[in-house]
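The values are calculated or read from the model by the stated rules, or taken from the named source; none is laboratory data. Quantities reported herein were computed from a predicted structural model and do not represent experimental measurements. Counting neighbours? That spans all protein chains shown, and the Cβs are built from the backbone with ideal geometry, glycine included. Side chains are part of the model used for accessible areas, which takes the heavy atoms of the whole protein and leaves out ligands, DNA and RNA. Shrake-Rupley method; radii C 1.70, N 1.55, O 1.52, S 1.80 Å.
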Amino acid sequence: MKLLALDTSTTYLSLALSHGDDTLVFHQCVEQKHAERTLPEVSRLLAEAGVSLPSLDGIAFGQGPGSFTGLRIACGVAQGLAYSADLPVIAIPTLDNLAWQAGDGLVQVCFDARMKQVYSALYRTGADWQRLGAIAVVSPEDLSLAEGATMLAGDGFDSYPQLLADARERLPLSPHPRPHAAAYIRLAESGRYAAVHPREAELLYVRNKVALTSVEQQQARSR
């Protein structure tokens, strides 16, 4: 399959383009410049690979959870490109990406949700790959280690050092703390996710509230 994948759920812009046996990657911290950097970098990857957008089989993107603005950028770009080239889109959760990068085992993923919370989910990875339950958003102090977990993954463990501190002394932590576009390529190729018309692309926010009020921000700073 020839696929384009993109993720803008963090401060990183992550892009990957698979063509034949090769995968070209752009994975770089751009802070808040996703909107201005994404399309030029996509064009550069296509030119470097010597392929046209309509020749691809689809476009995969990180549907969330993650940065509210970032998710909208990824979805909007994926839809716009897919519409222009008559391609399907494949929406994949960001935590699935982190679990995939972690390797085989029973992986507990914690992804920084800001607002002193984390997104969390448990995965069985490897040949019998699956998410064992819904992705949830919880406070770090309310998260407990799943019985039988063999690996931890996600930037939540770095953002909140107290998070499962005892487990961190016993279990390996995946060296890949954030979603990577190349992993979306592999996930899309696995056939676990539906390829849909661009108008059917959906975001996964997990929580309804995406920002603190000014009063809540002041209260959080005073804690």
Looking at the structure I just gave you, is residue 158 out of contact with any helix residue (DSSP H, G or I) (no Cβ under 7 Å at 6 or more places or on another chain) and either open to solvent by less than 80 Å² (accessible area, probe 1.4 Å) or farther than 17 Å from residue 102 by Cα (or both)? no
Among the residues of region 80-92, write down those that are touching a Gly at 6+ places or on another chain (Cβ under 7 Å) and surrounded by 19 or more Cβ atoms within 10 Å (Cβ to Cβ). 87, 89, 90, 92
Counting only residues that are open to solvent by 30 Å² or more (accessible area, probe 1.4 Å), touching a residue at least 40 places away in the same chain (Cβ under 8 Å) and within 17 Å of residue 71 (Cα to Cα), region 12-43 contains a total of 2
Within region 94-107, residues open to solvent by less than 10 Å² (accessible area, probe 1.4 Å) and in contact with a strand residue (DSSP E or B) (Cβ under 6 Å, 6 or more places away or on another chain) come out as 94, 95, 98, 99, 107
When you check residue 77 against the structure, is it part of a helix (DSSP H, G or I), closer than 30 Å to residue 120 by Cβ, open to solvent by 10 Å² or more (accessible area, probe 1.4 Å) and at pLDDT 95 or above, yes or no? yes
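Do you know which residues across region 121-155 are touching a residue at least 40 places away in the same chain (Cβ under 8 Å), among the small types (Gly, Ala, Ser) and open to solvent by 30 Å² or more (accessible area, probe 1.4 Å)?
Selection gives 136, 148.
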Matching residues, region 44-53, being out of contact with any Phe, Trp or Tyr (no Cβ under 9 Å at 6 or more places or on another chain) and surrounded by 10 or more Cβ atoms within 10 Å (Cβ to Cβ): 46, 47, 48, 49, 51, 52, 53
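Every residue in region 162-172 that is crowded, with 16+ Cβ neighbours inside 10 Å and on the phi < 0 side of the Ramachandran plot, please.
Within region 162-172, the subset crowded, with 16+ Cβ neighbours inside 10 Å is 163-164, 167, 171.
Selection gives 163, 167, 171.
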Answer residue from region 109-120, given it is under 16 Å from the mean Cα position of the chain (by Cα) and not acidic (Asp, Glu) and is most open to solvent (accessible area, probe 1.4 Å) among those: 114
If we ask which residues in region 178-195 are assigned to a loop (DSSP other than H, G, I, E, B) and touching a residue at least 60 places away in the same chain (Cβ under 8 Å), their number turns out to be 8
Flagged in region 54-68 as open to solvent by 30 Å² or more (accessible area, probe 1.4 Å) and either without any contact (Cβ under 8 Å) to a residue 24 or more places away in the chain or of a type in the set (Phe, Trp, Tyr) (or both), in numbering order, are 68
